[in-house]
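Throughout, read-outs are computed from the coordinates displayed, never taken from laboratory work. As the structure is a prediction and not an experimental result, all values here were calculated from the model. Here the Cβ positions follow ideal geometry from the backbone for every residue, glycine too, while neighbour counts run over all protein chains shown.
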Amino acid sequence: MGMGTEGNIGRRSFLKASAMLAAAGAAGSAAAMKPSEQAAHDKYNAMIVPRPEGLLDGEPVLQAPAPDSMGVAFAVTALANGFVELADNPEMKDAVRFMADGLPLAGIDDRVLQIRMTGLKPGAKYWYRAGAAKLEHPVGYWTKPSEIVWGRVHSFTTPGESAPSHFGMMCDTHAAFEQMARITAKYRERGVPLMVWNGDIPTSLTNAREDFVKHYLVPPHNEGYAADTPIALNRGNHDYRGVAAKRLGEVMMPRLPSERSMRDIALDRNFAFRMGEIALIGLDTGEDKPDFHPANGGFSRFTQYRVAQQAWLKDQFLRPEIANAPYVVAFVHIPILELWPGANPGTLLEDYATWQKECATLWGPILTENKVQLVLAGHTHRYRYDPPAPGRTWAEIIGGGRGDKTFQTLVEGKVEGGELVVRVFNTDKDALVGEHRFAPRARS
């Protein structure tokens, strides 16, 4: 299959372990058992878990894309174990099976199953299907699965230097699911291979995990929105609000620990990878109020978090695939550029930030030093373009969002004719409202 050895080794180990268990079971049945133990075995073996109807609640959501791995999560309606079968062909020949995350126990759950496909090739196309087995307990804690209920076959392409030089961005969807559906329809129409969801997905009141399930896994009117288009998630200020905010990782997977150093272990959402000629870098601006604001209750540490990302950002440009990328696009939720001097910089007690001065001070010079061409932001719900200026190599494009006098945008970047062409679509009116072109980075 060409997916590396990890998946194949896992499959061989699974088959070997199954054979050992079968042999042990046969030996056990031949040996004498205590009557109570025999009764337990008989009850367990006699129970047939029927094929559950409606176990899969919606299509899978591809997430946390990386050149050598891909996450997938999906909703279920009962306690279940999750699986993914992965192949390098649409017929699913010689598919490798992955199980729900977790050691020593798989991540079984009654609502959300998460599976990480590892050992993949960069810039390669794969086909997969997700499935689940309902779990019953015929004898005490003894667990018996149903047959696996499989969903449809979907496909994706991993990031990497040989991947398409093409991406999309949406932001500030704020649980406006009908408007979001127009974005998802547009990026399918445009053939976008990977989307950055650039913050403010929920409202401020995500008080239960089920709120995140609805926002990310089964958003109404958006069936299968990420079954074939991986989502790189970048949080916004609203993603940090509500008592369930710490539970986001139970629905949308963080990045693998192997993608960062121990120094950066807390930065589990930052990303830096190639899509063809374009390097995509995700930075988290955090809340739109300072840490001392009473809304934060004294428990937020966003200043420290932003400083930690400064060191991480510097290191990304030491990686050859990022340093040598012809185009670099950074993603932030709150803008890090504001030309109006009276705008709230995120350091004031009153009101809320329209831009993030701390992030601009910490990260902006690094982006300029490395000749980054573009920063993509959200937050203000209004599309805006600010061109580069002396002392600043990067332009900033702010995507529009939900609002009475604003519109939801799809921002699409694609390398065409030796340039990075960035198009901004008003998805409410299905109209192109902006087009911006960027030359390759100047070489030192």
For the chain the mean separation of alpha carbon contacts under 8 Å (6+ apart) over residue count, i.e. relative contact order in percent, is 13 percent
Based on the mean of other beta carbon atoms within 10 Å per residue, what is the order of 317-329, 335-347, 222-234, most packed first?
222-234, 317-329, 335-347
Reachable lysines, given that their alpha-carbon falls under 17 Å from the alpha-carbon of Lys186 and they are not under 8 places away in the same chain
Lys414, Lys429
For the range 223-279, whose charge dipole is built from +1 on Lys and Arg Cβ atoms and -1 on Asp and Glu Cβ atoms, the candidate among Met275, Gly236, Met252 with its Cα farthest towards the positive end is Gly236
Please report, in debye to the nearest 20, how large the charge dipole of the range 274-333 is about its Cα centre when each Lys and Arg carries +1 at its beta carbon and each Asp and Glu carries -1 there.
120 debye
For the His221, Val243 Cβ pair and Förster radius 25 Å, calculated FRET efficiency rounded to 0.05 is 0.40
Give the long-range amide H neighbours of Gly434: residues separated by 5 or more places, or on another chain, with amide H under 5 Å away, using H modelled in the peptide plane at 1.01 Å from N.
Val424
Using 0.36 nm times the number of residues separating Asp110 and Ser261, minus their current alpha carbon distance, what extension gain do you get?
51.1 nm
Excluding same-chain residues fewer than 8 positions from Lys93, which lysines have a Cα within less than 17 Å of its Cα?
Lys125
The relative contact order of the range 89-170, taking Cα pairs under 8 Å that sit 6 or more residues apart, comes to a percentage of 28 percent
When the helix-only estimate is applied to the chain (DSSP H runs of n ≥ 4, each -39,500 (n - 2.57), divided by the residue count), what is the mean residue ellipticity at 222 nm, nearest 500 deg cm²/dmol?
-6000 deg cm²/dmol
Under a GNM of the chain (C-alpha, springs under 10 Å), which listed residue has the highest mean-square fluctuation: Lys186, Lys43, Lys414?
Lys43
Principal semi-axes in Å for the range 166-438 [√(5λ), Cα gyration tensor, largest first]
24, 23, 20
The local net charge around Glu250, scoring Lys/Arg +1 and Asp/Glu -1 for residues other than Glu250 whose Cβ lies under 10 Å from its Cβ, equals +3
Environment charge of Thr173, counting only residues whose C-beta is closer than 10 Å and scoring Lys/Arg +1, Asp/Glu -1:
-1
Which residue fluctuates the most in the chain, going by a Gaussian network model with Cα springs under 10 Å, if the choices are Leu256, Leu280, Leu349?
Leu349
